1. Over the stretch 224-357, what relative contact order in percent results from Cα pairs under 8 Å that are six or more residues apart?
2. Residue 62 versus residue 194, label points 7 Å from Cα toward the beta carbon: distance in nm?
3. Can you give the extra length, in nm with one decimal, that the chain gains between residue 146 and residue 212 once fully stretched, where that is 0.36 nm per residue apart less the Cα-Cα distance?
4. Any idea how far apart residue 180 and residue 288 come out in nm if each label point goes 7 Å out from Cα toward Cβ?
5. Listed highest first by mean packing, meaning other Cβ atoms within 10 Å per residue, what order do 329-336, 292-299, 346-353 come in?
6. Hey, can you rank 12-22, 317-327 by average C-beta count inside 10 Å, highest first?
7. Using all C-alpha to C-alpha distances in the stretch 6-206, build P(r) with 5 Å bins and read off the rounded percent in each one.
8. Once R0 is set to 56 Å, what does the formula 1/(1 + (r/R0)^6) return for the Cβ-Cβ distance between residue 12 and residue 233, expressed as a FRET efficiency to the nearest 0.05?
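What follows is calculated from the coordinates using simple rules that are stated; it is not laboratory data. Computed from a predicted model, the values in this text were never measured in an experiment. Cβ: placed from backbone, ideal geometry, glycine included. Neighbour counts: every protein chain shown.
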């Protein structure tokens, strides 16, 4: 059956050529022109309309907005209109949301999606397909997005969806990865913790670039003191007069970084319930050791995961859903990024990890 999806690509540079070649190879109809003139002509004629516009021209932000204003004036006169406007040019984070707001203001029913084209083959003549594709979509689900998902699901490379803002951040941190890999992880996580982006998803997207690849990913790239900071921020303020926070610690064995964290939290009067599979640790006045990891979470204000051991990182969502009832508060602070935040949200847990935090996390209430 002939594919009726038609893509209009604006730009005559190498990026636009890559996109046109890639889409054509996947059975898509392509209208390719340096400016929007030819694409507008197609829209205004009685022929299959352009479904998706891709802006691939390499221009400064000021030139982009000037061209967009002109394009809006022209396309508003057409009898048909694309359902999706994709941006593959690396503009500053927030550009896609600004464009979406502008379309809404002009009453143009087009959904804006980011499409980081840097993941495509390096040269236009390259026949090798990209290792993967990234699309930045609106956080709210829309019919145009659902339809777009179905269309691109037939493309051969793996596809990763994230928010529009995250796709824009990805482009900039991919450049940072190439320039200074040594500091890339820490800067990415600090930025994402401040902005609410998902650092792990962005890192996975960057790893789809054929010249970067998926490395070993997130290990313990934050010190254990980071966990202590989260406890002080989310747990300590909730303690009632005469009570102290009870924290469950899961780790392979006690180490110097954990001792530093425990010392930090002891100053706030915290008490500890610890589980170590190797049982090499003596009990102290402020801690109790357990032989079973789930017994260690009884009445805890939070579980602190300090190891990516399978015993801690491979717990099924259903088991979390069941065992969370043991806890005073179902809060998990994970140093190792072992889980997907939305999975633990489904289980009724709150989840904090470096560079990513589930949206339902709030500071514990003194009355709970």
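1. 23 percent
2. Rounded to a tenth, the inter-label distance reads 2.7 nm.
3. 20.8 nm
4. With each label point 7 Å from Cα toward Cβ, the separation is 4.8 nm.
5. 329-336, 346-353, 292-299
6. Those peptides, ordered most packed to least, come out 12-22, 317-327.
7. The calculated distribution, bin by bin, is 1, 7, 16, 20, 21, 17, 10, 5, 2, 1, 0, 0.
8. About 0.65, to the nearest 0.05.
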